[in-house]
Amino acid sequence: MPVEDLFQSPTDDRRVEHRLASSDLITGFHFTPATRSTYVKVMDRASWAFALVSAAIVMRDIDGGLQAGVVAGGVAIAPHRLWSIEDALVTGVDHAGFERAADDAIAEAQPLSRNGYKTELLRGALLNAYETIAG
């Protein structure tokens, strides 16, 4: 099972955040090694236990092409793939193009009444991650 298929949002009928049956057991994970990767964690200085927001970018050279993975954490029930940013990275976007892609992805966010501040935190985390990846 691809890891992106593991998570799901709970429903009124199913209160779990994954797609595993009660008899399923995860025995391992298999990853294609990253060519470049970074993880940015934004947290409250008073609490070191969890990220308010996080951003991860993974770049891989595969079969002469480029593959990208971009995930936001702390903004939904499960890690949230940012497909439009992945597409921009694969096309070789520059800093301004990445910033536009990040803004477009964040514009789709639907924050709750008390966590709207996370959109700007996520934007900063994404830009920080891009600068690390772009080197």
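The values are calculated or read from the model by the stated rules, or taken from the named source; none is laboratory data. The model shown is predicted, which means the values in this text are computed figures rather than measured ones. Ideal geometry is used to build each Cβ from the backbone, glycine not excepted, and the neighbour counts take in all protein chains shown. The area values use the complete protein model at the heavy-atom level, side chains included, leaving out ligands, DNA and RNA. Shrake-Rupley method; radii C 1.70, N 1.55, O 1.52, S 1.80 Å.
For the chain, set up a GNM with springs between Cα atoms under 10 Å and report which of 78, 55, 96 has the largest fluctuation. The residue that fluctuates most here is 96. In terms of its C-alpha gyration tensor, the chain comes out oblate, because a/c is 1.5 or above while a/b does not outweigh b/c. Among 101, 72, 21, whose mean-square fluctuation peaks in a Gaussian network model of the chain (Cα, cutoff 10 Å)? Maximum among the listed residues: 21. Annotation for the stretch 42-133: trypsin sites (Lys or Arg not before Pro) lying in DSSP loop with at most 15 further Cβ atoms inside 10 Å of their Cβ are 45, 114. Rolling a 1.4 Å probe over the protein chains gives residue 71 an accessible area of about 50 Å². Using C-alpha pairs under 8 Å with a sequence gap of at least 6, the mean separation divided by the residue count of the stretch 31-135 gives a relative contact order of 27 percent. Within the accessible area of the chain, the carbon and sulfur atoms contribute 52%, probe 1.4 Å, all protein chains present. For the stretch 1-89, the set of GluC sites (Glu not before Pro) satisfying both a DSSP loop assignment and a count of at most 14 other C-beta atoms within 10 Å is given as 17.
Of the chymotrypsin sites (Phe, Trp or Tyr not before Pro) found in the stretch 24-102, the ones in coil according to DSSP and having at most 11 other Cβ atoms within 10 Å of their Cβ are 29, 31, 48, 50. Please work out whether the stretch 68-129 counts as rounded, prolate or oblate from its C-alpha gyration tensor, where a ≥ b ≥ c are the square roots of the eigenvalues and a/c under 1.5 means rounded, while otherwise a/b larger than b/c means prolate and anything else oblate? It is prolate, given that a/c is not under 1.5 and a/b is the larger ratio. Please name whichever of 38, 8, 52 sits farthest to the positive end of the charge dipole of the chain, dipole taken about the Cα centre and charges placed at Cβ: Lys and Arg +1, Asp and Glu -1. Of the options given, the answer is 52.
Rounded to whole numbers, the Karplus 3J(HN,Hα) couplings from phi for the stretch 127-135 are 5, 4, 5, 4, 4, 5, 5, 5, x Hz, using 6.51 cos²θ - 1.76 cosθ + 1.60 with θ = phi - 60°, and x at Gly and Pro.
With every protein chain left in place, what is the accessible area per residue of the chain in square angstrom, probe 1.4 Å?
Heavy-atom accessible area per residue stands at 67 Å².
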